[in-house]
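Q: This structure is in structure tokens; I'll ask about it shortly.
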Amino acid sequence: MVSNNEEKLIKAIEELKRSRVRTLVEKRISEFKKLRKGTSREIFKELCFCILCANYSAERSIKIQKEIDDGFLTLPSSQLIGKLKEMGHRFPKTRASYIISARKHSDSIKSIVESYKDPKELREWLIKNIRGIGLKEASHFLRNIGYTELAILDFHILGLLARHGIIKKPKTLTKSRYLRIEDKLREISKRVGLNMAELDLYLWYIETGKILK
């Protein structure tokens, strides 16, 4: 049985689909798909962005990504830490160490991505092989390079779903809970005729009034 609050959320999404937000969402999805066709190093820099986003602001991470750019590939540890500190990241040392650890895949990440047909299996590879990447970050990265089948369960989305009675906001987000909530979002995506990547952008807009990445 669908709650009244869930129906309100469905209605809000349907209204946004008929507004200018639809154009913004379609543009962003097109940009994600374009990045998937980019070089391994371009894809790697997006992975670094998602590493930065964990427990941190997406907007600030975007600014840092633009500023550091190829430095994700080349800066020595001390300089990368310094840049992250200078730009106000909450975890400069930890994030720098994760990025430097991931560099061993900077030239091969594109071929690794292309070797997997199942995005869920690719997500598992990322979690096992890239330090600092969990279910949310791996899903975020894959969405940002054009995959459309996975949910990005950050606190914005979890809070929105909880307020609409779709889930009880979890104190800790275990893998099993993550996957159950992801399945719930998949049901909603079918109801509103959107893929999971599109749905995430609409939900983010409802919660924040912005379309980011």
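The values are calculated or read from the model by the stated rules, or taken from the named source; none is laboratory data. Quick caveat: nothing in here was measured; it's all calculated off a predicted structure. As a convention, Cβ positions derive from the backbone with ideal geometry for all residues, glycine included, and neighbour counts pool all protein chains shown. The area values use the complete protein model at the heavy-atom level, side chains included, leaving out ligands, DNA and RNA. Shrake-Rupley method; radii C 1.70, N 1.55, O 1.52, S 1.80 Å.
Q: Looking at (1) in a loop (DSSP other than H, G, I, E, B); (2) of a type outside the set (Phe, Trp, Tyr); (3) open to solvent by less than 20 Å² (accessible area, probe 1.4 Å), can you tell me which one LEU201 breaks?
A: Every listed condition holds for LEU201 apart from (1).
Q: When the residues of segment 123-153 are narrowed to those that are free of Cβ contacts under 8 Å to residues at least 60 places away in the same chain and of a type in the set (Val, Ile, Thr), which ends up surrounded by the fewest Cβ atoms within 10 Å (Cβ to Cβ)?
A: So the residue we want is ILE127.
Q: Need pairs with beta-carbon distance below 7 Å; first residue free of Cβ contacts under 8 Å to residues at least 12 places away in the same chain and part of a helix (DSSP H, G or I) and within segment 61-84, second open to solvent by 30 Å² or more (accessible area, probe 1.4 Å) and polar (S, T, N, Q); sequence gap 6+ or separate chains.
A: Matching pairs, first to second residue: none at all.
Q: Consider segment 75-99. How many of its residues are more than 20 Å from the chain's Cα centre (by Cα) and under 12 Å from PHE44 (Cα atoms)?
A: Total meeting the criteria: 0.
Q: Would you mention how many residues in segment 1-20 are at pLDDT 90 or above, open to solvent by 40 Å² or more (accessible area, probe 1.4 Å) and not basic (Lys, Arg)?
A: Qualifying residue count for the region: 4.
Q: Next question. Report, by residue number, each residue of segment 40-56 that is in a helix (DSSP H, G or I) and open to solvent by less than 40 Å² (accessible area, probe 1.4 Å).
A: Within segment 40-56, the first condition is being in a helix (DSSP H, G or I), and the residues that meet it are 40-53.
Result: SER40, ILE43, PHE44, LYS45, GLU46, LEU47, CYS48, PHE49, CYS50, ILE51, LEU52, CYS53.
Q: Where the second residue is in a helix (DSSP H, G or I) and not aromatic (Phe, Trp, Tyr) and the first is touching a residue at least 24 places away in the same chain (Cβ under 8 Å) and under 18 Å from GLU114 (Cα atoms) and lies in segment 24-40, which pairs have Cβ atoms under 6 Å and are six or more apart or on separate chains?
A: Once the first residue is touching a residue at least 24 places away in the same chain (Cβ under 8 Å) and under 18 Å from GLU114 (Cα atoms) and sits in segment 24-40, its partners that are in a helix (DSSP H, G or I) and not aromatic (Phe, Trp, Tyr) give PHE32/ASN144; SER40/ILE109; SER40/LYS110.
Q: Is it the case that some residue within segment 181-195 is under 27 Å from ALA96 (Cβ atoms) and either free of Cβ contacts under 8 Å to residues at least 12 places away in the same chain or open to solvent by 10 Å² or more (accessible area, probe 1.4 Å) (or both)? So that I can check it myself, show each step before the final result.
A: At the first step, the residues of segment 181-195 found to be under 27 Å from ALA96 (Cβ atoms) are none.
Taking every residue of segment 181-195 in turn, none turns out to be under 27 Å from ALA96 (Cβ atoms) and either free of Cβ contacts under 8 Å to residues at least 12 places away in the same chain or open to solvent by 10 Å² or more (accessible area, probe 1.4 Å) (or both).
Q: Filter segment 5-39 down to residues that are not in a helix (DSSP H, G or I) and not small (Gly, Ala, Ser), then give me how many there are.
A: At the first step, the residues of segment 5-39 found to be not in a helix (DSSP H, G or I) are 18-20, 37-39.
Keeping just the survivors that are not small (Gly, Ala, Ser) gives 18, 20, 37, 39.
Adding up the residues that qualify gives 4.
Q: For the subset of segment 162-178 comprising residues that are in contact (Cβ under 8 Å) with a residue 24 or more places away in the chain and in a helix (DSSP H, G or I), which member is least open to solvent (accessible area, probe 1.4 Å)?
A: Checking each candidate, the answer is TYR178.
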